[in-house]
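Chemist: Below you'll find the structure I mean.
The values are calculated or read from the model by the stated rules, or taken from the named source; none is laboratory data. In this text, all values refer to a predicted model and were calculated from it rather than measured experimentally. With ideal geometry, Cβ positions are generated from the backbone for all residues, glycine too; neighbour counts draw on all protein chains shown. Ligands, DNA and RNA are excluded from the accessible area calculation, which covers all protein heavy atoms including side chains. Shrake-Rupley method; radii C 1.70, N 1.55, O 1.52, S 1.80 Å.
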Amino acid sequence: MEIGSINEKEGNQMEFIMAEANRLAEINRIYVKCKENLIKKNIFQWDEHYPNVDYFQECIENKMLFVLLEGDKIVGHVVLNEWQTEEWKTIRWIGNNPLIIHSLMIDPSYQGKGIGAIMVKRMEEYALLNEYDSIRLDTFSGNPQALKLYKKHGYVEKGEVIFVSKPVGHQKYLCMEKELI
């Protein structure tokens with residue numbers, strides 16, 4: 001399913017499409033590179049349990065994993081669905097029919113080049129096309145790049161949650177939402 005082709009990054013054609021099973025290895029390579037990059041920055045938001053290759057495979061099978069392509073190369077990927085964690089029940093959300101962002105990843109060699117902004121724009125277009133009234137997510141409070149990206153694009157902090165499964169000092173996540181309609 002092609003959400004739309006865009007011509008935004010230095011004249012190159014980029015597509016935001018549903019991931020296919022034959023791209024699983026490439027998707028997982030990007031995850032590994034992202035995780036290593038975050039660890040170098042002392043950001044421990046992902047571990048061996050989440051996300052992982054089995055998670056990505058399941059998301060592809062359930063048509064929830066999307067990729068941003070530059071030519072034939074994946075430069076980023078994200079899981080979009082309606083699943084919300086139990087920890088979010090205490091948050092005062094706005095939307096009644098939200099799309100949820102999970103595990104947004106930009107290949108580290110493409111970070112800082114506007115790819116995150118393109119991904120956000122495409123996720124919002126997908127949400128509107130599918131009649132969602134908001135987009136929700138949580139992001140690790142110690143990941144300044146992610147916080148900056150979402151705030152820049154109008155996502156508002158709605159509260160915080162603690163994930164006790166994460167390492168001590170890396171458990172606080174900020175819940176964010178953007179109203180679309």
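Chemist: Determine which single condition Gln145 fails, assuming it passes every other condition in (1) more than 20 Å from Val79 (Cα to Cα); (2) out of contact with any strand residue (DSSP E or B) (no Cβ under 7 Å at 6 or more places or on another chain).
Modeler: All conditions pass for Gln145, except number (1).
Chemist: Next question, about the same structure. Could you please find all residues in the stretch 127-146 being farther than 24 Å from Tyr50 by Cα and not hydrophobic (A, V, I, L, M, F, W, C)?
Modeler: Within the stretch 127-146, Asn130, Glu131, Tyr132, Asp133, Ser134 meet the criteria.
Chemist: Restricting attention to the stretch 132-155, which residues are in contact (Cβ under 8 Å) with a residue 40 or more places away in the chain and farther than 23 Å from Asn28 by Cβ?
Modeler: Matches in the stretch 132-155: Tyr132, Asp133, Ser134, Ile135, Arg136, Gly142.
Chemist: Cβ contacts < 6 Å: first residue among the β-branched types (Val, Ile, Thr) and assigned to a loop (DSSP other than H, G, I, E, B), restricted to the stretch 94-119; second residue open to solvent by 10 Å² or more (accessible area, probe 1.4 Å) and modelled with pLDDT of 95 or more, any location; separation 6+ or different chain. Result?
Modeler: Within 6 Å, the pairs are Ile94/Glu179.
Chemist: Looking only at the stretch 123-181, filter to residues that are in a helix (DSSP H, G or I) and of a type in the set (Lys, Arg); which one of those is least open to solvent (accessible area, probe 1.4 Å)? Write out each step before concluding.
Modeler: Within the stretch 123-181, the subset in a helix (DSSP H, G or I) is 123-129, 144-152.
Okay, now just the ones that are also of a type in the set (Lys, Arg), so 148, 151-152.
Details: Lys148: 146, Lys151: 104, Lys152: 156 Å².
Only one residue fits best here, namely Lys151.
Chemist: Suppose we keep only residues that are surrounded by fewer than 15 Cβ atoms within 10 Å (Cβ to Cβ) and not in a helix (DSSP H, G or I) within the stretch 9-38. Which one would you say is modelled with the highest pLDDT?
Modeler: So, considering only residues that are surrounded by fewer than 15 Cβ atoms within 10 Å (Cβ to Cβ) and not in a helix (DSSP H, G or I), the one modelled with the highest pLDDT is Glu20.
Chemist: Okay, moving on. Scan the stretch 88-111 for residues that are over 18 Å from the mean Cα position of the chain (by Cα) and surrounded by 15 or more Cβ atoms within 10 Å (Cβ to Cβ) and jot them down.
Modeler: Ile91, Trp93, Gly95
Chemist: Follow-up question, since we're still on this one. Here's a check for you: in the stretch 56-83, which residue that is over 14 Å from the mean Cα position of the chain (by Cα), of a type outside the set (Asp, Glu) and not in a strand (DSSP E or B) is modelled with the lowest pLDDT?
Modeler: Restricting to residues being over 14 Å from the mean Cα position of the chain (by Cα), of a type outside the set (Asp, Glu) and not in a strand (DSSP E or B), the top hit is Gly71.
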